[in-house]
Ligand SMILES: NC(=O)c1ccc[n+]([C@@H]2O[C@H](COP(=O)([O-])OP(=O)(O)OC[C@H]3O[C@@H](n4cnc5c(N)ncnc54)[C@H](OP(=O)(O)O)[C@@H]3O)[C@@H](O)[C@H]2O)c1
């Protein structure tokens with residue numbers, strides 16, 4: 001495969017957890033992977049981890065909560081790449097009752113999970129429409145459909161993005177752009193407090209298994225779209 005034939009996948013929030021595993025798995029599949037997040041040193045660690053496999057990803061730091069930063073990043077990426085797939089994965093959370101969430105925490109969650117994803121979508125859309133194809137995969141959560149206490153702002157962000165992207169999917173069918181929503185349950189990543197990861201590790205899904213699911217969805221036939229997948233640990237929610 002020449003560099004020109006490689007499919008290009010842009011993953012936000014790729015410095016740890018699900019995003020990092022997805023970056024590594026897409027790179028193994030032969031895709032050109034562009035990784036973004038705020039922590040550059042953690043993004044660089046992906047290439048250290050991939051070195052023995054003789055593959056690498058391209059690092060493009062971006063804070064998705066900043067629309068200016070997203071505009072600048074998409075401009076830079078599309079100067080030399082055709083984005084085949086955007087994976088909106090960047091996300092933050094707190095595990096607190098609503099009355100204890102500070103206004104800043106609420107702003108951070110909504111600005112990153114909801115507006116951040118909308119900013120990236122808005123910027124890649126003209127590019128994908130011009131290309132006549134594309135895929136947008138959004139990493140939502142089971143909390144987009146089910147009520148969990150101590151996650152009010154997080155649920156609002158994921159439910160909001162579920163609504164936005166369900167409308168978007170219908171608008172983009174005529175442009176041959178697929179909108180895919182993934183609603184995962186508990187996955188063992190740094191998003192969870194250390195004590196929970198240690199005590200519930202066996203029950204939690206692993207980010208590398210979700211990464212394989214994402215690659216499988218991306219490689220599906222051109223004429224069909226996986227619209228929504230809910231995936232949770234076999235024992236249920238934590
Ligand atoms: N773990 C679970 O159980 C679970 C379940 C359902 C859904 N999810 C969703 O999966 C996604 C990935 O989370 P994870 O579990 O893999 O947690 P994680 O390891 O904490 O990863 C979150 C990623 O988002 C990035 N990020 C946070 N704020 C950002 C911003 N403003 N701009 C750009 N990147 C930002 C972080 O990188 P930087 O700090 O370097 O910016 C990090 O790479 C999230 O959307 C989360 O809601 C997770």
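Read the figures in this text as sums done on the coordinates, not as results from a lab. Predicted model only: the values in this text are computed from it and were never measured. Virtual Cβ from ideal backbone geometry, glycine too; neighbours counted across all protein chains shown.
Scanning the stretch 53-71 for residues that are away from the ligand (no atom under 11 Å from the Cβ) and in a helix (DSSP H, G or I), we see that the one that is surrounded by the most Cβ atoms within 10 Å (Cβ to Cβ) is 67. Counting the residues of the stretch 1-15 that are more than 11 Å from the chain's Cα centre (by Cα), in contact (Cβ under 8 Å) with a residue 40 or more places away in the chain and assigned to a loop (DSSP other than H, G, I, E, B) gives 1.
Conditions (1) within 9 Å of the ligand (Cβ to nearest atom); (2) within 17 Å of residue 23 (Cα to Cα); (3) surrounded by 19 or more Cβ atoms within 10 Å (Cβ to Cβ), marked per residue:
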site	(1), (2), (3)
179	no, no, yes
182	yes, yes, yes
188	yes, yes, yes
195	no, no, no
202	no, no, no
205	yes, no, yes
210	yes, yes, yes
213	no, yes, no
217	no, yes, no
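Just give me the residues in the stretch 147-163 being touching a residue at least 40 places away in the same chain (Cβ under 8 Å), more than 11 Å from the ligand (Cβ to nearest atom) and part of a loop (DSSP other than H, G, I, E, B), in sequence order. Write out each step before concluding.
As a first pass, look at the stretch 147-163 and keep what is touching a residue at least 40 places away in the same chain (Cβ under 8 Å): 148-154, 156-158, 160-161.
Then keep just the ones that are more than 11 Å from the ligand (Cβ to nearest atom); that gives 149-150, 152-153, 156, 160.
Of everything in the stretch 147-163, those that are touching a residue at least 40 places away in the same chain (Cβ under 8 Å), more than 11 Å from the ligand (Cβ to nearest atom) and part of a loop (DSSP other than H, G, I, E, B) turn out to be 149, 150.
Among the residues of this structure, residue 41 counts as one that is within 11 Å of the ligand (Cβ to nearest atom), over 26 Å from residue 160 (Cα atoms) and either over 18 Å from the mean Cα position of the chain (by Cα) or surrounded by fewer than 22 Cβ atoms within 10 Å (Cβ to Cβ) (or both). Filtered by the rule that a residue be under 14 Å from the mean Cα position of the chain (by Cα) and under 20 Å from residue 179 (Cβ atoms), the stretch 195-227 gives 210, 211, 213, 214, 215, 217, 218. When the residues of the stretch 102-144 are narrowed to those that are assigned to a strand (DSSP E or B) and within 15 Å of the ligand (Cβ to nearest atom), which ends up surrounded by the most Cβ atoms within 10 Å (Cβ to Cβ)? For the stretch 102-144, the residue satisfying everything is 139.
In the stretch 72-101, what residues are touching a helix residue (DSSP H, G or I) at 6+ places or on another chain (Cβ under 7 Å) and either exposed (fewer than 15 other Cβ atoms within 10 Å of the Cβ) or part of a helix (DSSP H, G or I) (or both)? Give the derivation first.
Narrowing the stretch 72-101 to residues touching a helix residue (DSSP H, G or I) at 6+ places or on another chain (Cβ under 7 Å): 74, 78, 82-83, 85-94, 98, 101.
Scanning the stretch 72-101 gives 74, 78, 98.
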